[in-house]
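The values are calculated or read from the model by the stated rules, or taken from the named source; none is laboratory data. A quick note: this is a predicted structure, and the numbers were derived from the prediction, not measured. Methodologically, a virtual Cβ is constructed for each residue, glycine included, from the backbone with ideal geometry; neighbour enumeration extends over all protein chains shown. The area values use the complete protein model at the heavy-atom level, side chains included, leaving out ligands, DNA and RNA. Shrake-Rupley method; radii C 1.70, N 1.55, O 1.52, S 1.80 Å.
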Amino acid sequence: MKIVPPAFEIIAPSFGSSFYFSKYVENANSKAHLWHYHPEIELVFVNGGSGKRQIGSHISYYTDGDLILIGSNLPHCGFTNEETGNKNETVIQMKPDFLGNGFFDISEMTNIRNLFSQAKAGIAFHGETKKNIGKKIESMEQQSQFDRLLTMLSILNELELSKEASILNADGFSMEMQMQDNDRINAVFNYVKDNFQEHITLEKVSELVCMTEPSFCRYFKKITKKTFTKFVNDYRLVHASKLLAEKPISITEICYESGFNNFSYFNKSFKEFTGKSASQYRQELKSVLK
């Protein structure tokens, strides 16, 4: 089988600016199928809609839009596609030193420096922070280059002070690895992304990265802070969450379409993962998405 590593994305700053800013209507930035990384720190605001988050070894389902900060070289998939139902998506990308060597070392930038450090594991913002910062991000489209820069610094400072934030990957998680490790882990991520609806064996995945099964299990846990079995299960459960929100099919069908072959195990796992039964989850989501 051919190993497909994540794509390295080259990003050019917006004309006349030190960072990249772009606003897309609806799903015009559809990269949900593409696993990619870049040295730039990325701030994404999805206005409305619901979809998957796949950042590092974290997988989850968002509703009513999303506000995400992704650290340098942290592999991720895109957040919108033709089924997301978002109004628009704004993407801001900046190099960690986009204002010059040493700028973020000055005392006034302590908060932003801390934020960039936390972003290495990915951060999701919710509540009023998502709503208020989302408005500020969208307002940048009409601003001059200078005002846009000032707004950007203000936003980053506010994000660091926010209490409405969740670190997405486990403490100590880092994708800043040797190239060989990067290729291995991302080959595994891509394999799961493409085959989660089928039976996935440890033997097959270990063989894919040229390791013994025990060595692979230890290696995967060390890098991602998750067992491989949990990673695959989480991927399937997030896909089930997506289907519950987006497709009018039975929960039994959703179980099998998500790669589970045991309905009672699916129900138990889904409740442990979300705190709700699949039917409860679907009912509550209907009221949120109305």
- Message: Compute the orientation-averaged projected area for region 36-181 from the convex hull of its Cα atoms and round it to one decimal in nm².
- Response: 9.2
- Query: What percentage of the solvent-accessible surface of the chain, computed with a 1.4 Å probe over protein heavy atoms, is contributed by carbon and sulfur atoms?
  - Reply: 52
- Pair-distance profile P(r), taking every C-alpha pair of region 58-136, with 10 angstrom steps and integer %: 14, 44, 33, 9, 1
- Could you please state, rounded to a whole Å, how far the C-alpha centre of region 77-91 is from the C-alpha centre of region 238-256? 20
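Over the Cα atoms of region 113-162, what is the Rg over Rh ratio if Rh follows Kirkwood?
Reported Rg/Rh (Cα atoms, Kirkwood Rh): 0.99.
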- Item | Max mean-square fluctuation residue, GNM over the chain, Cα-Cα springs under 10 Å, options 236, 53, 184 | 184
- So how tilted is helix 179-195 from the main axis of the chain? Cα-based, degrees 0 to 90, rounded to 10. 60
- What angle do you read, to the nearest 10 degrees and between 0 and 90, between the alpha-carbon axis of helix 228-246 and the longest principal axis of the chain? 80
- What residue among 71, 100, 51 shows peak mean-square fluctuation when the chain is described by a Gaussian network model with Cα springs under 10 Å? 100
- Globularity ratio of the chain, using Cα Rg and 2.2 N^0.38 Å: 1.03
- Query: Which whole-number percentage describes the relative contact order of the chain, with Cα contacts under 8 Å and a sequence gap of 6 or more?
  - Reply: 18
- Message: Using only DSSP helix segments of four residues or longer, with each worth -39500 (n - 2.57), what per-residue ellipticity at 222 nm results for the chain after dividing by its residue count and rounding to 500?
- Response: -13500 deg cm²/dmol
- Message: Students sometimes get this wrong: rank 77, 217 by accessible area, probe 1.4 Å, all chains present, largest first.
- Response: 217, 77
- Message: Only four residue types carry charge here, +1 at the Cβ of Lys and Arg and -1 at the Cβ of Asp and Glu. Report the dipole size of the chain about the Cα centre in Debye, rounded to the nearest 20.
- Response: 720
- FRET efficiency, residue 208 to residue 261 (Cβ-Cβ, R0 22 Å, nearest 0.05): 0.50
- Query: Where only protein heavy atoms count, and the probe is 1.4 Å, what is the accessible area per residue for the chain in Å²?
  - Reply: 48
- Task: Take the Cα atoms of region 177-290, find their three principal axes, and give me the spread along each one in whole Å, biggest first.
- Result: 46, 26, 22
- Sites matching trypsin sites (Lys or Arg not before Pro) across region 59-122 that sit in DSSP coil, with at most 13 neighbouring C-beta atoms within 10 Å: 87
- Task: Enter the angle in degrees (range 0 to 90, nearest 10) between the Cα long axis of helix 278-289 and the first principal axis of the Cα atoms of the chain, meaning the one along which they spread out most.
- Result: 30
- Would you work out which of 60, 107, 121 lies farthest towards the positive end of the dipole of the chain, given +1 charges on the beta-carbon of Lys and Arg and -1 on that of Asp and Glu, about the Cα centre? 60
- Tell me, in nm to one decimal, what length is gained between residue 163 and residue 142 on full extension, where the rule is 0.36 nm per residue of separation less the Cα-Cα distance? 4.7 nm
- Task: Would you mind checking 23/225; 52/120; 221/268; 120/230 for any pair whose Cα atoms are more than 31 angstrom apart?
- Result: 23/225
